Amino acid sequence: MVNLSDTRHSVRPVAGSYDRRPSRPGTRGGGGRRGPAASVPGMKNGEPPRGMEQRTRDVLARLARETDVWVASADAGGTPYLVPLWFVRHDECLWLATRPATPTARNLRTGRRVRLALGDTLDVVLVDGDAECLASAEVPAAAADAFVEKTGWDPRKDTKEYVWIRVRPRSVEARNGEREMPGRWVMRDGRWAVAASGTVVEEAGPAVR
């Protein structure tokens, strides 16, 4: 079984402490995808909202296909920090990696609450979860290998030290436009909404049951 609030502050990066990703051929600053961001097209006037099962399928498809995710965290004083990182969904969790001295790593070692957002501002997917920072030796090989397969980069073999971040989703919101505000919570309290009806939804990665 898969156990997959709104911050409006301006965010200033801390000098010399950016979260970093290695550059990949054909990208600028390591921020590219392996293909286009295949989100749901903007809904046309009169088009009915997606049902819960379809929204769940679309979320799973995007988590499987997209490489970049926005990661929002905050320090003990409540100062927010926002950065894009590569990720993979594996074994009911989302896995990321960053340098141990970055604001993201520092914030999540103490606060452990994180919000993730896929990049499309119309086809919204927001994931709130509990984060745990792990050394490379603590990461299951299957999770690390899945990350490498998706991103083409292995933090375990990098010349610099990286910390892994495992995110266990607690809630997932999916909406495309104002008309999809009702029914936008496809997961609450770590449980997919479709699971309550006994529906099985399968995409790349673990199935939702």
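The values are calculated or read from the model by the stated rules, or taken from the named source; none is laboratory data. Nothing here was measured: the structure is a model prediction, and the numbers come from that model. Note: ideal-geometry Cβ built from the backbone for every residue, glycine included; neighbour counts use all protein chains shown. Remember, those area values only see protein heavy atoms, side chains included, never the ligands or the DNA or RNA. Shrake-Rupley method; radii C 1.70, N 1.55, O 1.52, S 1.80 Å.
Before moving on, here are some points about what is shown:
- Those residues of segment 113-139 which are exposed (fewer than 15 other Cβ atoms within 10 Å of the Cβ) and part of a loop (DSSP other than H, G, I, E, B), in sequence order: Thr121, Leu122, Ala135
- Condition met for Val172 (in contact with a Leu (Cβ under 7 Å, 6 or more places away or on another chain) and outside any helix (DSSP H, G or I)): yes
- Condition check for Arg188: touching a Cys at 6+ places or on another chain (Cβ under 8 Å), modelled with pLDDT of 95 or more, open to solvent by 60 Å² or more (accessible area, probe 1.4 Å) and not polar (S, T, N, Q): no
- Sole exception among (1) within 15 Å of Arg50 (Cβ to Cβ); (2) touching an Asp or Glu at 6+ places or on another chain (Cβ under 9 Å); (3) open to solvent by 10 Å² or more (accessible area, probe 1.4 Å) for Asp154, by number: (1)
- When Arg109, Arg89 are checked against the criterion of being farther than 19 Å from Trp70 by Cβ, of a type in the set (D, E, K, R) and either modelled with pLDDT of 95 or more or outside any strand (DSSP E or B) (or both), a single residue qualifies: Arg109.
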